[in-house]
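Here the structure comes first, spelled out in structure tokens, and everything after it is commentary.
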Amino acid sequence: MTQLKEVDIAVIGAGPAGLSAALACGKSGATTLLIDFMDAPGGQLIKQTHKFFGSERQFAGTRGIQIPSIFINQLSQMPNVQLVLGVNASGYYADSGVLTLEDGGKFIKVKAKRVIIATGAGEKALAFENNDLPGVYGAGAVQTLMNVYGVTPGNRVLMVGSGNIGLIVSYQLIQAHVQVVSLVEAAGRIGGYLVHAAKLRRAGVPILTSHTIVRAIGEETVRGAVVAQVDQSWQAVPGSEREVACDVICLAVGLTPLVDMMWQAGCEMKYVPALGGHVPVRDENMRASNPAVYVAGDAGGVEEASSAMISGEIAGISAAVSLGFRAQDADARLALLKSDLAAIRSAPAGEKIRAGIMSATACGGER
């Protein structure tokens, strides 16, 4: 086992949150190691071809696929920041503060004074008959096929889920000349931004709220699906079933935080459905109950990339300050970032997020 030199801060995950955290750490002067198991940085950004909107501080008007290079260009000019790709962070030992990395068959130890966990989230599945047929995809897989590899998943897609991911991926499918035959949503209203839903409606995509998929049709591959209306108890209404011809079923039914490292670090965890599952209890500076550990992005609760970048910068500044590094404008910058985060969550669609964050924040409220 090889011993790496000690670093001030290790950032696990080079998605939007991790990149933002590493940049904040680097600006502070802290020696920083940014780790990701993928061969290219960016996380979900590498497949987000749409333009961001909101604040210029969160890259409004910039396409997601362009954002990683902006971060990397800045990080590459910082000799105190090292980016390690294609390496998996496989373990964290809370008693010693040692982080174990797996690089092929080799294990590497890293001694970090602070660890920022920005491991993102994984796609949830949905239980229905024949859900293991080829042609049933998660929305993230469909985005990767199209936007990273230039491969369309099929010709006629049934989208399940109307959150922002379902709405955006549906529109990207249309842009790739793939027909979205329908979008079904079990809830009584659309879950994502209405501006995205309006694009689909203008393109002629039927959006069926209070509907779900009952089963996939096919033997070797998907050739159709049965959808049905659901009642207030989320049960299919008898007699409402109908068949939809499609060769792809795309599931955009939510994400769940990837928090294995938080459990290993001995952090206090809480199950918060509004945030996607188990998340670490943290303070307003993203510090977990283990004082050496910070959380950023979807690992702390599933939100948007803009929110992930803000929380990443908050975690990065806060971790550096806790070690004695202090940028001249740290307090003012943290106040601005927290204001930006509150503004993003202030929309009606952010009501559940706000409640979830309150539940997961130490002492029941941000401090």
| Between segment 286-324 and segment 162-183, the alpha-carbon center distance in angstrom | 32
| said: Looking at segment 125-251 only, what percent of DSSP beta bridges run antiparallel? Nearest 5 please. | reply: 40
| Can you work out ³J(HN,Hα) from phi for every residue in segment 59-71, in order, using Karplus 6.51 cos²θ - 1.76 cosθ + 1.60 and θ = phi - 60°, giving whole Hz and x for Gly and Pro? | 6, 4, x, 9, 6, x, 5, 8, 5, x, 5, 5, 5
| query | trypsin sites (Lys or Arg not before Pro), restricted to segment 165-243: which are DSSP loop and have at most 16 other Cβ atoms within 10 Å? | reply | 189, 223
| message | Taking amide H atoms as placed 1.01 Å from N in the peptide plane, list the residues 5 or more away in sequence, or in a different chain, whose amide H sits under 5 Å from that of residue 34. | response | 11, 82, 83, 84
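What is the Å³ per residue value for the convex hull set by the Cα atoms of segment 42-159?
Cα-based convex hull of segment 42-159, divided per residue, equals 202 Å³.
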| task | For segment 1-84, just the Cα set please: Rg and Dmax, both in angstrom. | result | 13.4, 46
| said: Can you give me the orientation-averaged projected area of the convex hull built on the Cα atoms of segment 256-367, in nm²? | reply: 6.4
| request: For segment 174-231, compute Rh as the Kirkwood radius over C-alpha pairs and then the Stokes-Einstein diffusion coefficient at 25 °C and 0.890 mPa s; write the answer in µm²/s, rounded to an integer. | output: 193
| task | Under a 10 Å cutoff between Cα atoms, tell me which one of 176, 14, 121 has the largest fluctuation in the Gaussian network model of the chain. | result | 176
| When all alpha-carbon pairs of segment 125-251 are counted, what percent fall beyond 17 Å? | 53
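In debye, nearest 20: dipole of segment 288-337 around its Cα centre with unit charges on the Cβ of K, R (+) and D, E (-)?
On the way: 2 positive and 6 negative charges, 46 e Å.
Magnitude of the dipole: close to 220 debye.
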| If you put +1 on each Lys and Arg Cβ and -1 on each Asp and Glu Cβ, how big is the dipole of segment 125-251 around its Cα centre, in Debye rounded to 20? | 560
| Long pairs among 51/109; 113/270; 47/111; 47/199, criterion Cα-Cα beyond 28 Å | 51/109; 47/111
| request: Identify the trypsin sites (Lys or Arg not before Pro) of segment 311-363 meeting these criteria: DSSP loop state and at most 14 other C-beta atoms within 10 Å of the C-beta. | output: 326
| query | Applying the Karplus parametrisation 6.51 cos²θ - 1.76 cosθ + 1.60 with θ = phi - 60° to the phi angles of segment 271-284, what ³J(HN,Hα) value in whole Hz is obtained for each residue in order, glycine and proline being reported as x? | reply | 7, 10, x, 5, 9, x, x, 6, 9, x, 6, 9, 9, 5
| query | Which whole-Hz ³J(HN,Hα) couplings does segment 33-48 yield from phi under the Karplus relation 6.51 cos²θ - 1.76 cosθ + 1.60, θ = phi - 60°, glycine and proline marked x? | reply | 10, 9, 10, 8, 7, 7, 8, 9, x, x, x, 5, 5, 5, 10, 9
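Could you tell me which GluC sites (Glu not before Pro) in segment 244-336 are loop residues by DSSP with no more than 15 other beta carbons within 10 angstrom of their beta carbon?
Here the GluC sites (Glu not before Pro) that fit, given the DSSP loop and packing criteria, are 268.
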| task | Nearest 5 is fine: what % of DSSP beta bridges in the chain come out antiparallel, could you say? | result | 45
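Which of the peptides 106-115, 247-256, 127-136 is most tightly packed, and how do the rest follow, going by the mean number of other Cβ atoms within 10 Å of each residue?
Taking the mean over residues of other Cβ atoms within 10 Å, the ranking is 247-256, 106-115, 127-136.
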| note | In Å, the C-alpha Rg and Dmax of segment 140-211 are 11.4, 35
| task | Please give the FRET efficiency for residue 354 paired with residue 95, using the beta carbon to beta carbon distance and R0 = 35 Å, rounded to the nearest 0.05. | result | 0.45
| message | With +1 on the Cβ of every Lys and Arg and -1 on the Cβ of every Asp and Glu, and nothing else charged, how large is the dipole of the chain about its Cα centre, in debye rounded to the nearest 20? | response | 760
| query | Taking a spot 7 Å from the Cα of residue 221 along the direction of its beta carbon, which residues of segment 238-280 have an amide N less than 16 Å from it? | reply | 245-250
| query | Based solely on its DSSP helices, what 222 nm [θ] is calculated for the chain when runs of n ≥ 4 H residues each add -39,500 (n - 2.57) and the sum is averaged over all residues, nearest 500 deg cm²/dmol? | reply | -8000 deg cm²/dmol
| Counting only the backbone N, which residues of segment 236-255 are under 12 Å from the spot 7 Å out from the Cα of residue 132 toward its beta-carbon? | none
| Any idea how far apart residue 278 and residue 88 come out in nm if each label point goes 7 Å out from Cα toward Cβ? | 1.9
| query | Using the Kirkwood formula over every pair of different C-alpha atoms, what hydrodynamic radius in Å results for the chain? | reply | 21.4
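Quick note: the coordinates plus some simple rules give every number you see, no bench work behind them. As the structure is a computational prediction, the values presented were derived from the model and not from experiment. With ideal geometry, Cβ positions are generated from the backbone for all residues, glycine too; neighbour counts draw on all protein chains shown.
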